Amino acid sequence: MQLTVGELAHGGAALARVDGRVVFVEGAIPGETVEAEVTHRRKDFWRAQATAVLEPAPTRIDPLCPYFKTGCGGCQLQYLAYPEQLAQKRQVLDRQLQRAYVEFPIDRIDVLGMDDPWRYRLRGEFHVLRRAGAVSLGFYRKHTYQTLPIDACLIHVEAIERALPAFARAAEDPAAARVTALQFTWAPGTSDLLWSPYPPGSADPGFGARAAGWIPELNLNDDSIGIEDAGRHFRVRPEAFVQVNARQRDVLYQRAVALAQLSGRERVVDAYAGIGMLTARLADHATDIIAIEESPYAVRLGELNMQLNGCGNVRYRRGRVEDAAPGLEGDVDVLVLDPPRAGCAEAAIEAMANLRPRHVVYISCDPSTLARDVNRFCAAGRYTLVVSFVHLHTHSEFSLLDGASRVSEMVRLAAETGMPAIALTDHGVLYGAVDLYLQAKAAGINPIIGQEVYVATRSRHQKEGRADRDPYHLILLVKNLEGYRNLIQLSSLAHLEGYYYKPRIDKALLAEHTQGLIALSSCLGGEVASRLLEGDEAGAEQVAREYQRMFGEDYFLEIQDHGMEEQARVNEGLARLSQRTGIPLVATNDSHYTRKDDAEAHDILLCLQTGTVVSDQKRMRFHNDEFYLKTPAEMAERFRAFPEAFANTVRIAERCHLELDTKPLLPRFEVPHGQTAETYLRRLVEQGLKSRYPELGQVVRDRFEMEFGVIEAMGYAPYFLIVSDFIDFARQNGVAVGPGRGSAAGSIISYALGITTLDPIQHGLIFERFLNRERISMPDIDVDFDDRNRDRVIDYVGQKYGQDHVAQIITFGTMKARAVIRDVGRALDVPLREVDHLAKLVPPTLNMTLDKAIQMVPELAQAEKDPVYERLLKNARKLEGLVRHASTHAAGIVITPEPLQHYLPLQASITRGDKNGQEKRAVMTQYEMNAVQKIGLLKMDFLGLRNLSVIEDALQNLAQTRGLKLDLSTIPWDDPATFRLLQAADTNGVFQLESPGLRRLLQDMRPTTFEDITAAIALFRPGPLEGGLVDQYMKCKHGEQEIVYPLPQLEPILKETYGVIVYQEQVMQIASQLAGFTLGEADVLRAAM
């Protein structure tokens, strides 16, 4: 028969109707006309198979799997592209919810697909087919009990696919005649494969051994295996349920924990708990977990798994949910349930609803039973479905002295409250964009990079008085890479061209950069809202239509409700404008702090910005404590009268899909004609090695080849050429260059190129500390230049690669423990003497925090009992560590292959020049150095050292006054007079040896070798000083204490440092010696430590 099919049903068949009868058509896509053959006739419906597609849908593709085309029932929908599969499944769930009378807009159904929809199933069950003495494994054909033999399956992991022919051959033995099916479970990241026959016990004792003989690469088990999940270890048996999609399991469980909204104090019931994978995750965030499970096998495994993972707050209850739940005593805060495909028994839902949990998280793999059960829950427990919401107007600490939210806190709260995305829209800057992007991605939510831009009232080039001092606000959100680059351009030009009190764009510039951006009309400071407040509704409409012409469907009128009368008036006007213009509304909260109880700390921050005190009634302040990141439930209640505006937050978020490429991006280095970067680097290094090592031994040659192999494999040859080039320039042009610092000194290639002047072989330095295959990261070579000439090297780099390819890097000053006490005390108007005394109680130690100080100093802990000081310290804790100001990094330089604004936003920097302290204007990035590196850009540290200038002056003075031309490279390493100076601690002005603490250390140590100097600098750090290692080193060096090696094998490694582990290289050598790590693996351990 010929059929035109409509919607897709759960299970993959499309629906058609013949004379009022429902026909489920396999192999058809909604909207297609097909020839179909009826395969099953039932009283209420028929099943049919499409035999020819007469009018194909545009989304149809050719199935990748050959077995799918022949009717295999192992999976569905392969004739649909994966994104369309997700869209269709979303509509299936929507229809099921509608049929169950559950009101839930389709826009709120989040679709969390996989990057790769193949090879994801770690468990599968295959039927045994015996024909003419041969055995095959396969799946049932669709809607039959006929086995289709297969030897490959693209949705199962390769370990299972490799096992199929081996187990089929093993089943050919007559002893295995009773086996009708086989189940396989693979432990990801291992060679472990769990197998189980059906019926249970049907396999003969030698069955597994026969199969193992044909797949020796797999470790076969027929009892249990261990599976890792989120850093935990779980034992799994064949009869116990496990989520078969390991990739999506993590996404699913992260979302479930987020929706549970746990603070650590809740009592949680995990119904249908199984072996406890989700239970263990919940246990990390709750006080008490009651796990209900009917299967005795799963209960035993679950209890074992909780012991293995230290989940002492979990108690299992064996039994059906409807029997176990009524016996629970005490309040239940959260109910989480993950029932079988058939869903919950009606009695179970009633029993769970009677627990009256604050909210319920329901996980389901069947939309029809989900819809049915949700309907029953809503009826039995008076529950309502939580509709998703996304914050699109937020300010972090990077809205300097105006925002009090840390990006990490914002992302955590969004994830905890089940938001699928979160935006960051700081005032006029993109400082936190990369931080948001990486942290949100890690938390499994969608990052939306944005900015609250300032739009000049006239032109951005006009900078005259008050008319240009008060620009309008506008929210811009990034949809895609084009939008990201447009926002970078706008933000950069706002700073470099339009800055007047604030970084400003104008409408002319905006009109050139609207692609890939969504615009919201912003708060009361937006132009539309401002005109409405002035009573100029016609003017407001004119402005709104102007933005509508620029952005089309990507322009929204923004309504806010912080309990302010002005906002209520503006919202009424915005609603009328929306009706007249068709511009949709969107609901936002202008958040400047994370939680409601942060309001006072934020108010103090505003005082720091304006130089006022909290008691000043005339100062700038927010109207109330409503400017925080509200939960979806709070926002739904606040905007009950504007459901579409509320729903539009997720619609906007779904338009935003930015993917940043973080692979290394090196500038182009011009090499001689006919050469590649690799061949040219090899040539230069081989020349340098001949100069450094006149007798080129095998040790040197092997070290070079090892290093070069790593550099070549990672594609970093241009990096070394770039560094070598500007160091050569410096040396040839009278700029003093340091001998090298950091891990780069461990590279013989750096030594051969003259990047460093220390022989890494002579000093026992390890290349893997600098660069290795196990830790993929951009090399990082810091270079010291004399401070008077450093800028000449920067200018050279700018000329070589283009001034628009080179910039300095921003850095941020934060509120440290002592300073934040002074700041908060000043804002609270606490007497200066008292604040000063309180601040001085904080120990002046590196990385000191208020929490540490209060634990260490009894007087500070006692001060918390005074109401005034308690208020001061409470708010100081909340503000501690927040960004206070921005400045130019002392050393950081970024060099890009394309112009800078292709990758990152810029702003002006002002530094003091050499002559008369005059100002010198330059550009710097809006991203700090870690963010620069995380997006793959080349960051260099050009450090300007005064000590090098002093040394140069000394050399010139010697030449002028004594006629002595001294070459620093010829000074002996064991000069007795030098060591007498060091032993006397006569080291004022000596780099790294002039602090009072180090001078005392030198007097105690009495150095006699260069290695002693190295050890002194390494030991003078908080860890060794506080851990007693300095005293141990001194006593062992002077023979006052016996040198003890923890193990005899460590003597060659620790002999130089008298049995004390001083250097990170020693940690690597120990890991290599004792654990058999490669030095690359040992470096990963070192970095983790």
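Read the figures in this text as sums done on the coordinates, not as results from a lab. Note that the coordinates shown come from a computational prediction; the quantities given were computed from them, not determined experimentally. So basically every Cβ, Gly included, is an ideal-geometry build from the backbone, and we count neighbours across all protein chains shown.
In region 306-411, what GluC sites (Glu not before Pro) fall in a loop by DSSP, with at most 10 other Cβ atoms inside 10 Å? Don't jump to the answer; show the numbers that get you there.
Values: sites: Glu322, Glu329, Glu346, Glu350, Glu397, Glu409; in loops: Glu329, Glu397.
Counting only loop positions with at most 10 other Cβ atoms within 10 Å, the GluC sites (Glu not before Pro) in region 306-411 are Glu329.
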Difference of contour (0.36 nm per residue) and Cα-Cα distance, Arg42 to Gln698
227.9 nm
Diffing region 973-981: the Karplus 3J(HN,Hα) column from phi (6.51, -1.76, 1.60, θ = phi - 60°), in whole Hz with x for Gly and Pro, holds 6, 10, 4, x, 4, 5, 5, 5, 4
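Greater than 21 Å separation of Cα atoms is the criterion. Which listed pairs, Lys630/Lys852; Lys441/Lys934; Lys840/Lys874; Lys441/Lys816; Lys596/Lys874, meet it? Walk me through the numbers before you get to the answer.
On the way: Lys630/Lys852 31 Å; Lys441/Lys934 13 Å; Lys840/Lys874 17 Å; Lys441/Lys816 29 Å; Lys596/Lys874 15 Å.
Beyond 21 Å: Lys630/Lys852; Lys441/Lys816.
So what's region 659-698 giving for Cα Rg divided by 2.2 N^0.38 Å, two decimals? Let's see the in-between values first.
On the way: Rg = 15.5 Å, N = 40, 2.2 N^0.38 = 8.9 Å.
Normalised Rg, Cα atoms only: 1.74.
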Per residue, how much space in cubic angstrom lies within the convex hull of the C-alpha atoms of region 610-663?
180 Å³
Please list the radius of gyration and Dmax for region 2-108, considering alpha-carbon atoms only, with Å as the unit.
14.1, 41
Kirkwood Rh and Cα Rg combined as Rg/Rh, region 123-223:
0.93
Output the peptides 857-870, 1000-1013 sorted from most to least packed, where packing is the average of other Cβ atoms within 10 Å over each peptide's residues.
1000-1013, 857-870
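Determine one quarter of the surface area of the Cα convex hull of region 815-874, which equals its mean projected area, and express it in nm² to one decimal.
For region 815-874, the mean projected area of the Cα convex hull comes to 3.6 nm².
Using every Cα-Cα pair within the chain, state what percent have a distance larger than 43 Å. Provide the component values of the computation, followed by the final result.
Numbers: 316796 of 592416 pairs.
For the chain, the share of Cα pairs beyond 43 Å comes to 53 percent.
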Amide H neighbours of Leu945 under 5 Å, counting only residues 5+ apart in sequence or on other chains, H built in-plane at 1.01 Å?
Phe785, Asp786, Asp787
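Hey, what D do you get for region 968-1088 in µm²/s if you plug the Kirkwood alpha-carbon radius into Stokes-Einstein at 10 °C and 1.306 mPa s?
Calculated translational D: 101 µm²/s.
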Find how much the distance from Gln687 to Asp782 grows on full extension, using 0.36 nm per residue of separation minus their present alpha carbon separation; answer in nm with one decimal.
31.9 nm
Return the long-range amide H neighbours of Asp229 (sequence gap of 5 or more, or a different chain), with a cut-off of under 5 Å between placed amide H atoms.
Phe234
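Calculated FRET efficiency, Arg469 and Asn624, Cβ-Cβ r, R0 30 Å, to nearest 0.05? Write out the running numbers ahead of the final one.
On the way: r = 27 Å, r/R0 = 0.89.
E(calc), rounded to 0.05, equals 0.65.
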Roughly how many nanometres apart are two label points built 7 Å out from the Cα toward the Cβ at Leu958 and Ala1075?
4.6 nm
Name the residues whose placed amide hydrogens come within less than 5 Å of the amide hydrogen of Val22, ignoring near sequence neighbours (fewer than 5 apart) on the same chain.
Trp46
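With a Förster radius of 25 Å, plug the Cβ-Cβ distance of Lys1035 and Phe991 into 1/(1 + (r/R0)^6) and report the FRET value to the nearest 0.05. Don't skip to the answer; put the middle values down first.
On the way: r = 28 Å, r/R0 = 1.12.
Efficiency at R0 = 25 Å is approximately 0.35.
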Whole-Hz Karplus couplings 3J(HN,Hα) for region 395-401, θ = phi - 60° and coefficients 6.51, -1.76, 1.60, Gly and Pro as x, run 10, 9, 4, 7, 7, 3, 6
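Rounded, prolate or oblate: which fits region 369-485 when a ≥ b ≥ c are the square roots of the eigenvalues of the alpha-carbon gyration tensor, with rounded for a/c under 1.5 and prolate only if a/b beats b/c?
Working: a/c = 2.79, a/b = 2.32, b/c = 1.20.
Judged from the Cα gyration tensor, region 369-485 comes out prolate (a/c at least 1.5, a/b above b/c).
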Using per-residue counts of other Cβ atoms within 10 Å, averaged over each peptide, order 264-276, 759-771, 967-979 from highest down.
264-276, 759-771, 967-979
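What is the gain in length, in nm to one decimal, between Ala442 and Gln248 on full extension, counting 0.36 nm per residue of separation less the C-alpha to C-alpha distance? Don't jump to the answer; show the numbers that get you there.
Details: separation 194, 0.36 × 194 = 69.84 nm, distance 1.42 nm.
Roughly 68.4 nm would be gained on extension.
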Cα-based Rg / Dmax (Å) for region 413-565
15.8, 47
Once Lys and Arg get +1 and Asp and Glu get -1 on their Cβ, which of Phe639, Val894, Ser521 lies farthest toward the positive end of the dipole of the chain?
Phe639
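For the chain, what is the calculated [θ] at 222 nm in deg cm²/dmol (nearest 500), taking -39500 (n - 2.57) for each run of four or more DSSP H residues and dividing by its residue count?
Numbers: 39 runs with 418 residues, N = 1089.
Mean residue ellipticity, 222 nm, calculated: -11500 deg cm²/dmol.
Can you give me the relative contact order of region 815-874 as a percent, contacts being Cα pairs under 8 Å and 6 or more apart? Spell out each step's value before the answer.
On the way: 46 pairs, mean separation 18.6, N = 60.
Relative contact order, region 815-874: 31 percent.
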Mean projected area (nm²) from the convex hull of Cα positions in region 393-457 is 4.2 nm²
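Quick one: which of 284-291, 1016-1023 comes out on top by average Cβ neighbours within 10 Å, and what's the full order, highest first? Don't jump to the answer; show the numbers that get you there.
Values: 284-291: 20.9, 1016-1023: 15.5.
Highest-to-lowest ranking by the protection proxy: 284-291, 1016-1023.
Using +1 on the beta carbon of Lys and Arg, -1 on that of Asp and Glu, and nothing else charged, what's the dipole of the chain about the Cα centre, debye to 20? Mind dumping the intermediate values first?
On the way: 121 positive and 144 negative charges, 178 e Å.
So the dipole magnitude of the chain works out to roughly 860 debye.
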So for R0 = 56 Å, FRET eff. of Ala633-Arg141 from the Cβ-Cβ r, to 0.05, ends up at 0.75
About the Cα centre, charge dipole magnitude for region 536-667 (Lys/Arg +1, Asp/Glu -1 at Cβ), debye:
140 debye
Based only on other Cβ atoms within 10 Å, what is the fewest-to-most ordering of Trp46, Trp118?
Trp118, Trp46
Cα principal axis extents for region 246-381, largest first, Å:
38, 36, 31
